[in-house]
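The values are calculated or read from the model by the stated rules, or taken from the named source; none is laboratory data. None of the values given here were measured: they were computed from a predicted structure. As a convention, Cβ positions derive from the backbone with ideal geometry for all residues, glycine included, and neighbour counts pool all protein chains shown.
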There are 4 protein chains.
Amino acid sequence: MGSFQGHALPGSFFLIVAQWWAVKYSLWYATRRKKSASAGRLATRTTQRCLEVIEGAAILSFSIIGMLAEQFAAGGPKLRLYDYTEHHWEQLNNWQHATMYLFFALSGATTLTVHTTEFAPLALDRLLLAIAFFAEGFLFLYHLYGRDMLDVHVHQLLLYAIFGGALISFMEVFHRGNILLELLRTTLCLLQGSWFWQIGFVLYPPSEVKWDLQDHSNKMFITVCYCWHLACALVTVAVLYCTVCCVIRTKLKRIPPMEMGLLKPREREGESEDEVL
Amino acid sequence: MGSFQGHALPGSFFLIVAQWWAVKYSLWYATRRKKSASAGRLATRTTQRCLEVIEGAAILSFSIIGMLAEQFAAGGPKLRLYDYTEHHWEQLNNWQHATMYLFFALSGATTLTVHTTEFAPLALDRLLLAIAFFAEGFLFLYHLYGRDMLDVHVHQLLLYAIFGGALISFMEVFHRGNILLELLRTTLCLLQGSWFWQIGFVLYPPSEVKWDLQDHSNKMFITVCYCWHLACALVTVAVLYCTVCCVIRTKLKRIPPMEMGLLKPREREGESEDEVL
Amino acid sequence: MGSFQGHALPGSFFLIVAQWWAVKYSLWYATRRKKSASAGRLATRTTQRCLEVIEGAAILSFSIIGMLAEQFAAGGPKLRLYDYTEHHWEQLNNWQHATMYLFFALSGATTLTVHTTEFAPLALDRLLLAIAFFAEGFLFLYHLYGRDMLDVHVHQLLLYAIFGGALISFMEVFHRGNILLELLRTTLCLLQGSWFWQIGFVLYPPSEVKWDLQDHSNKMFITVCYCWHLACALVTVAVLYCTVCCVIRTKLKRIPPMEMGLLKPREREGESEDEVL
Amino acid sequence: MGSFQGHALPGSFFLIVAQWWAVKYSLWYATRRKKSASAGRLATRTTQRCLEVIEGAAILSFSIIGMLAEQFAAGGPKLRLYDYTEHHWEQLNNWQHATMYLFFALSGATTLTVHTTEFAPLALDRLLLAIAFFAEGFLFLYHLYGRDMLDVHVHQLLLYAIFGGALISFMEVFHRGNILLELLRTTLCLLQGSWFWQIGFVLYPPSEVKWDLQDHSNKMFITVCYCWHLACALVTVAVLYCTVCCVIRTKLKRIPPMEMGLLKPREREGESEDEVL
């Protein structure tokens, strides 16, 4: 991954996933709050399950492609782990990245299983997502030996987004369907994606001017820059959320809502999907 | 901000906000426990919402003023980020402080949105407040390179108050309306405000006697001093709380309370505002 | 406190408090589970409140005595903070210890207020206890500069017990009356007390043989020794708990229990005192 | 324990315990969800209690054997703590390992007590398990002084599994019977067991080729390898879980289920055993 493309690719992946999540969770939250006719709700339930299955399948297949690319692309270790003739490990970086993909593949496979069969408890998908984020951060943590100061710093900043995502996913095991946690995870995923791009631009700038990787004022600027990425991620998620809410509102205005005998307080129902899913 | 005024200004801001919070939360808690007539309660609800909107607008406007001051005041970068002639970043300190204000502006805007529209979940304001505190602490954390020992130490002590405030705000997302968490956040905010003043006095003393920034016994004294600030903050919040409770009690004695069919246990009702707001 | 007595005194204090807590919480848990006649329960409630008030008053007075002793005992600073003639701080160690006592005094005063008036929310006493433990640990944390390796190590081990106690007290704000948290806090308090004695024996041994404060095998032994203290604390709390349970059981066998219409599951009722207090 | 056998033995112990746990918790979860006739449920309850007692007795006896082996096996300290003639501690490593076994013995004894008598609250067994894991990790943490880089690294990686297990056990005090936490703890225990074997192979390889304990690329490979162990542990637990679920499903198909008046939502009942145990 020691190239601009090597950082742009996972960055794009996380950006796409995060935007998809922002739309998905906003949509579900908006439809849950509107509580249209129960027929509609049942339809939603099947649709939800279907979307989850597609999401799981997509993550699983992308991860498998990623693993294969790391192994068999030009310069990959081609499943050889140790070079016995020259006594050194084969391309440990590629093996490391393949391992990261492996955990996301496990997470995708779990999402598939949870939503197609009745076997497993529902919250298992979030647990495996948390483990996948954790393993990614864990491998990055021991990845930084002997690099330049700024190189280490940009990767350390990345770790905040990764471990933050792992923590929020783990909390979702206990607070499943809490829209705030879902959107916070989405924000951190978006931050991770855009920061991957930023790392690419810092370490492998397309222009000829290189960054001084030992300059302390560069480090200070990068820290401020990370906060701007976070602010942009927050604003992006907010804009997507509002757009989805407005669209749902205008669409549902045309359908007259069913009468309901018992209305629960607004917040409660809005923040849990257990009753729906 | 490398001046006495630069520390006194945010200090005063946090002191005012914290005292306002102490009064506000005590008032709501006292009125909730008294449970006067439901007409009165409805009135309270509208007043609450109105106060929240004013608070959000105040924080938003102060933050925008702060951002503009950091950019356009004497010596500010005037929105220029990089000096291409001399190849260095423009006034990174000002950019850093403007970024801190930016996150408080986002938090204020969120409070405004949450309490004027029906769009967003209620706890979003606490989440954004937590993120604002976190970003402030995060920027301070990477702000201390190459300074004197005592300078680093006073800022590190500040971080306890900031990250403590971020943590408590995040816990309020799940325990909204818990009076203890609200008052603890208030205390930490008060501590932060008074500590900003203390930092000003230590680093830029108005008298001629300067502090020895390398002396270890000064560091030990400052640590003890921080605990006294914490104790003073606790006592201040307690005094404000008791004053508000007494005033409410004497005022409500004149109004005869309505009969209520079902009385829930005291603690439960007292520690959640979900049913009121 | 740089003496054997200076460590033995707080050690004894924590040992006494912890044993008192072990008896108190076991007693309440046992009587709650037995659910004798409601008249008896009401009596218990008044007794509980009375015991809490006595406990608060005892902690408050001991803390005030401690503060006065630190200030006015032989060699104390006698409320003078700075020596202007020789330009150094007066007896910072004594000021530090007086500050620790100050926070326990605040905690005791809060317990008194919470249980004598109706003003404050019940869980406030645990919050202030958590803050008192935290402040104690915080001051110890910045207390260790320039000491010998073993001296630093024994105080660091003490910090585990102190911060553990602070954390458990803070959790009790949300899980008030959970017998397991109460006994765990008791265990950590007992550990703290016995470890203070151990520190006294290590740093100021009564025999003539001194410990080598730079020897690494001493450090390893001390770590193992700390675990034995923890095991002893666990066993002590278990023995006290079982004794109290047995005594209550034999006493209550003589009184015929009242009939009860609705019996809730065993665990639930046993682990919360909200309904009782 | 400075030998291959010394790491293989505890490794095997943890592997066996973890597989037993995986089967046990899957079995209970599957039977809980199936909700066969209430007579069958009562039978299950007695069986569960019986299995717990056996488990507690097994852990207790293995731990006592371990303690005795550490003390009286060839080269053990034979209960002597200090060698007064040569002025050094006797075999601190053995004392350390015996202390670890001591805490697991306490945990086993607690499980026995909790499930044979009515004295103690149910969640006490998880609390003592958490303390046992914590003490194990705590002793390992101060065990690494002056070793080679790779030696320190493999033990640090072990600490993740140990402290992770302690944290999950502590969370189970509050979320008892949550299948996800139980399986996660099982996974971490399995990881710990297989990693003990791996440490044995790295530090005391059976072949003649030794590992270079100072080589950084070995450290990187070991980190990746740790993630593979985690992935294998996850897959093993998943396979055991699915096998048990399939077996239960085919067995219960033959017994017609009883009619039930009130069916609660699937997730809720499935994730708590409070009502069963």
It is to be established whether one or more residues within the range D:144-162 are within 30 Å of C:ARG176 (Cβ to Cβ), surrounded by 23 or more Cβ atoms within 10 Å (Cβ to Cβ) and more than 9 Å from every other protein chain (Cβ to nearest Cβ). no
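Report, by residue number, each residue of the range B:60-81 that is farther than 20 Å from B:PHE104 by Cβ and touching a helix residue (DSSP H, G or I) at 6+ places or on another chain (Cβ under 9 Å).
Kept after step one, since they are farther than 20 Å from B:PHE104 by Cβ, are these residues of the range B:60-81: B:74-75, B:78, B:80-81.
Answer for the range B:60-81, where residues must be farther than 20 Å from B:PHE104 by Cβ and touching a helix residue (DSSP H, G or I) at 6+ places or on another chain (Cβ under 9 Å): B:GLY75, B:LYS78, B:LEU81.
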Out of all the residues in the range C:197-251, which are surrounded by 13 or more Cβ atoms within 10 Å (Cβ to Cβ) and of a type in the set (Gly, Ala, Ser)? C:GLY200, C:ALA231, C:ALA233, C:ALA238
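Based on what the data block shows, is C:TYR101 aromatic (Phe, Trp, Tyr) and modelled with pLDDT under 85?
On the way: aromatic (Phe, Trp, Tyr): yes; modelled with pLDDT under 85: no.
The answer is no for C:TYR101.
Would the range A:166-182 turn up any residue that is more than 29 Å from D:HIS175 (Cα to Cα), touching a residue at least 24 places away in the same chain (Cβ under 8 Å) and out of contact with any Ser or Thr (no Cβ under 9 Å at 6 or more places or on another chain)?
no
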Looking at (1) part of a helix (DSSP H, G or I); (2) within 15 Å of D:HIS7 (Cβ to Cβ), find the lone condition where D:CYS232 falls short. (2)
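What about B:LEU230, is it touching a Ser or Thr at 6+ places or on another chain (Cβ under 9 Å) and within 8 Å of chain C (Cβ to nearest Cβ)?
On the way: touching a Ser or Thr at 6+ places or on another chain (Cβ under 9 Å): yes; within 8 Å of chain C (Cβ to nearest Cβ): yes.
So B:LEU230 passes the test.
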Is it the case that the range A:83-102 has a residue that's among the aromatic types (Phe, Trp, Tyr), more than 17 Å from D:VAL235 (Cβ to Cβ) and away from every other protein chain (no Cβ under 12 Å)? no
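Scan the range C:124-149 for residues that are among the charged types (D, E, K, R) and in contact (Cβ under 8 Å) with a residue 60 or more places away in the chain and report the count.
Step one: filter the range C:124-149 for residues among the charged types (D, E, K, R), giving C:125-126, C:136, C:147-148.
Then drop every residue that is not in contact (Cβ under 8 Å) with a residue 60 or more places away in the chain, which leaves C:125, C:148.
Number of matching residues: 2.
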Test: B:LEU122 is at the interface with chain A (Cβ under 7 Å from one of its Cβ atoms) and at pLDDT 95 or above: no
Out of the residues in the range B:163-194 that are of a type outside the set (Gly, Ala, Ser) and touching a Cys at 6+ places or on another chain (Cβ under 9 Å), which is surrounded by the fewest Cβ atoms within 10 Å (Cβ to Cβ)? B:LEU190
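Taking the stated definitions as given, is B:LEU240 modelled with pLDDT of 90 or more, assigned to a helix (DSSP H, G or I) and within 8 Å of chain C (Cβ to nearest Cβ)? Don't jump to the end; show me each part of the working.
Numbers: modelled with pLDDT of 90 or more: yes; assigned to a helix (DSSP H, G or I): yes; within 8 Å of chain C (Cβ to nearest Cβ): no.
Taking the combined requirement at face value, the residue does not satisfy it.
Looking only at the range A:125-142, how many residues end up being within 15 Å of the chain's Cα centre (by Cα) and facing chain D (nearest Cβ under 10 Å)?
Here is the first cut: in the range A:125-142, the residues within 15 Å of the chain's Cα centre (by Cα) are A:125-137.
Next, from what is left, pick out any that are facing chain D (nearest Cβ under 10 Å): A:126-128, A:130-131, A:134-136.
Residues meeting the conditions: 8.
Considering only the range C:110-119, state which residues are in contact with a Gly (Cβ under 9 Å, 6 or more places away or on another chain) and at the interface with chain B (Cβ under 10 Å from one of its Cβ atoms).
Looking only at the range C:110-119, we keep the residues that are in contact with a Gly (Cβ under 9 Å, 6 or more places away or on another chain), and these are C:110-116.
Hits for the range C:110-119 are C:THR110, C:THR113.
I'd like the full set of residues that are of a type in the set (A, V, I, L, M) and touching a Lys or Arg at 6+ places or on another chain (Cβ under 7 Å), limited to the range C:141-186. Before you say what the answer is, go through the steps one by one.
Filtering the range C:141-186 down to residues of a type in the set (A, V, I, L, M) leaves C:141, C:144, C:149-150, C:152, C:154, C:157-159, C:161-162, C:166-168, C:171, C:173, C:179-181, C:183-184.
If the condition is that a residue be of a type in the set (A, V, I, L, M) and touching a Lys or Arg at 6+ places or on another chain (Cβ under 7 Å), then C:MET149, C:LEU150, C:ILE168, C:VAL173 are the ones that fit.
Here is a list: D:SER107, D:SER63. Which entry is more than 10 Å from every other protein chain (Cβ to nearest Cβ), in contact with a Phe, Trp or Tyr (Cβ under 6 Å, 6 or more places away or on another chain) and touching a residue at least 40 places away in the same chain (Cβ under 8 Å)? If you could, list the steps in order and put the result at the bottom.
Working: D:SER107 fails: in contact with a Phe, Trp or Tyr (Cβ under 6 Å, 6 or more places away or on another chain).
Selected residue: D:SER63, the only one of D:SER107, D:SER63 that is more than 10 Å from every other protein chain (Cβ to nearest Cβ), in contact with a Phe, Trp or Tyr (Cβ under 6 Å, 6 or more places away or on another chain) and touching a residue at least 40 places away in the same chain (Cβ under 8 Å).
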